[in-house]
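Visitor: After the structure tokens below, expect a handful of questions from me.
What follows is calculated from the coordinates using simple rules that are stated; it is not laboratory data. Given the structure is predicted, the values throughout are model-derived calculations rather than measurements. Heads up, the Cβs are rebuilt from the backbone with ideal geometry, glycines too, and the neighbour counts pull from every protein chain shown.
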Amino acid sequence: MSMFENNQYRWRETYLVLFASENQPKLATVEKALRRLDPRYELANASADEAGRFESLSLISHDDFAALDICYVEGEEVREQVLGLVEELRPMACETGSEDKLDQIRHCDARFDVLHFEEMPESFGDEDDLLDEALDPSALLLAMAELARLTGGVAIDPQSGTLFTNGA
């Protein structure tokens, strides 16, 4: 079940971790790494292919009022996206190491889509208050860094054009 199907959560944005498909980790490796980040994280809906490689899972962090759906995608769709993304990000890549990251992205043929959801507790009356005070990006940032580390990939916020350095 995707977090889209849970009316207690609202989708906020989608982040990416781009990497070479040969670095697709095993589901057990991803689960172990994410559990190590914070023992309070709940992992659900985990799935793997027939070889045990990661396909998808949901991470729920009630303390952060957040959840993540993480899905593996590979192939032509990713290669096409990479070409456009490199050109789109190049003008914004002014930090040290950004050019190296862009060169690395060019060779990626797989990605994790990391969909960030906000928990909408019933106790909050005004949605604007919830946005300002409850949602904490900690789970998102930690997971992005860990996924990039596991795959040797590059974590990206495509909406802002941010390339996360040092994993995330």
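Visitor: Against the longest alpha carbon principal axis of the chain, how many degrees, from 0 to 90 and to the nearest 10, is the axis of helix 76-89 turned?
Guide: Its long axis makes an angle of about 90 degrees.
Visitor: For labels at ASP136 and SER2 in the simple 7 Å Cα→Cβ model, what's the distance in nm?
Guide: Placing both labels 7 Å beyond Cα along the Cβ direction yields 2.8 nm.
Visitor: To continue, here is another question. Would you mind counting up the charge near ALA33? Only other residues with Cβ under 12 Å from its Cβ, with Lys and Arg at +1 and Asp and Glu at -1. Don't skip to the end; give the middle numbers.
Guide: Working: positive: LYS26, LYS32, ARG35, ARG36, ARG149; negative: GLU31, ASP38, GLU146.
Residues close to ALA33 contribute a combined charge of +2.
Visitor: Which whole-number percentage describes the relative contact order of the chain, with Cα contacts under 8 Å and a sequence gap of 6 or more?
Guide: Relative contact order for the chain comes out at 33 percent.
Visitor: Provide the packing ranking of 60-73, 151-164, 33-46, i.e. peptides ordered by the mean count of other C-beta atoms within 10 Å per residue, highest first.
Guide: In decreasing order of mean packing, 60-73, 151-164, 33-46 become 60-73, 151-164, 33-46.
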